[in-house]
Amino acid sequence: MGWWIGELLDPQVLDLPRDGLGIRSFFAVVGFSWTLLRWKGVIEAQPDLYGERLLPGLEKKDRTFLLDVIGKLLLGLALLVLVLQVMRLLGISAAVLITAGGFGAAAVGFGAQSIVSNSLSGLSLYVNRPFVVGDYIDIPSENLSGTVEKISWFYTRLRSVDRQPLFVPNAIFSAKPVINISEIDNRRVWIEFGLNYANRALIPELTSALESWLRGHPDVDASRTLAVNFIGYGDSSLNLRLVCHARGATLMDAWSLQEKVLLEIGAAVDRCGASMPFPTRTLLQG
């Protein structure tokens, strides 16, 4: 219908090919572009299925990243084919694109720096891969953190812990430090506790017992820093510090290990015959 209406126009207004070959060529290009867009939609609808079929042997994070790249390439190729076809039909030469590129460069100089900066930063994210979709990242300078849900050319969408969507311009990732929390290999557990001043002689026995327990626990990575030390005299306690690393990399692994260590500290203090200080208040009646 669109082609028929276009043929009704004066050739001086829109000089479309009037033969069947030109019509077939046009719809072949449109069909090819439509097919590319359909492929993109199907892959994005079932990323796990097509990731395993198209990219076997890769980790899930790598498959997600490469499928995202493939989707953007399909979209870019479809748009490029359509633009070239429309230019051919309208009789526009490549020189017009070069001229438009010159005007585009001038526009960049007059106010489009942020757009170009965000798009180049988005390209850098795909090349350097400081994080991928599914990673949990933190931007300390902006007080932002969340799980990466989408990396587009101009912004990256995060999902915060309380499920709020965050849209972060890509230029921030080129100028600000980013912590990829998902890349942490081991979570550190750091606990400080105290003993009564009367238990100073029991400190070597207690620290030795806790270190032995940590080295034998299956949830503790014994190849990382592991220490229990007396670190100083507090106002009302002898201060000790316990440091170890969880074998797992998730925050839940660290929380679970921390709970076990806290319970073991209390049990070890009781076994040694020591006690922990607690705040007291004395009331004097006059």
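What the stretch 156-204 shows is 61 Å² of accessible area per residue, with the surface traced by a 1.4 Å probe over protein heavy atoms. The label-point distance for Leu84 and Glu183, in a model that sets each label 7 Å from Cα toward Cβ, rounds to 3.7 nm. Largest accessible area first, the listed residues Trp190, Trp34, Trp213 line up as Trp34, Trp190, Trp213 when surface is computed with a 1.4 Å probe on the assembled protein chains. Taking label points 7 Å from Cα along the Cα-to-Cβ direction, Leu263 and Arg215 give a separation of 2.4 nm. The Rg/Rh ratio of the stretch 194-259, with Rg taken over Cα atoms and Rh as the Kirkwood radius over Cα pairs, comes to 1.04. Quote the FRET efficiency, to the nearest 0.05, computed for Glu44 versus Leu120 with a Förster distance R0 of 25 Å and r equal to the Cβ-Cβ distance. Computed FRET efficiency for Glu44 and Leu120 comes out at 0.55. What is the list of residues in the stretch 160-198 whose amide nitrogen lies under 17 Å from a point 7 angstrom out from the Cα of Ser223, following Cα to Cβ? Only 184-188 pass the distance filter. In this simple spin-label approximation, Val161 and Phe278 carry label points 7 Å from Cα along the Cα→Cβ vector, and these lie 2.8 nm apart.
The values are calculated or read from the model by the stated rules, or taken from the named source; none is laboratory data. Note that the coordinates shown come from a computational prediction; the quantities given were computed from them, not determined experimentally. So basically every Cβ, Gly included, is an ideal-geometry build from the backbone, and we count neighbours across all protein chains shown. Side chains are part of the model used for accessible areas, which takes the heavy atoms of the whole protein and leaves out ligands, DNA and RNA. Shrake-Rupley method; radii C 1.70, N 1.55, O 1.52, S 1.80 Å.
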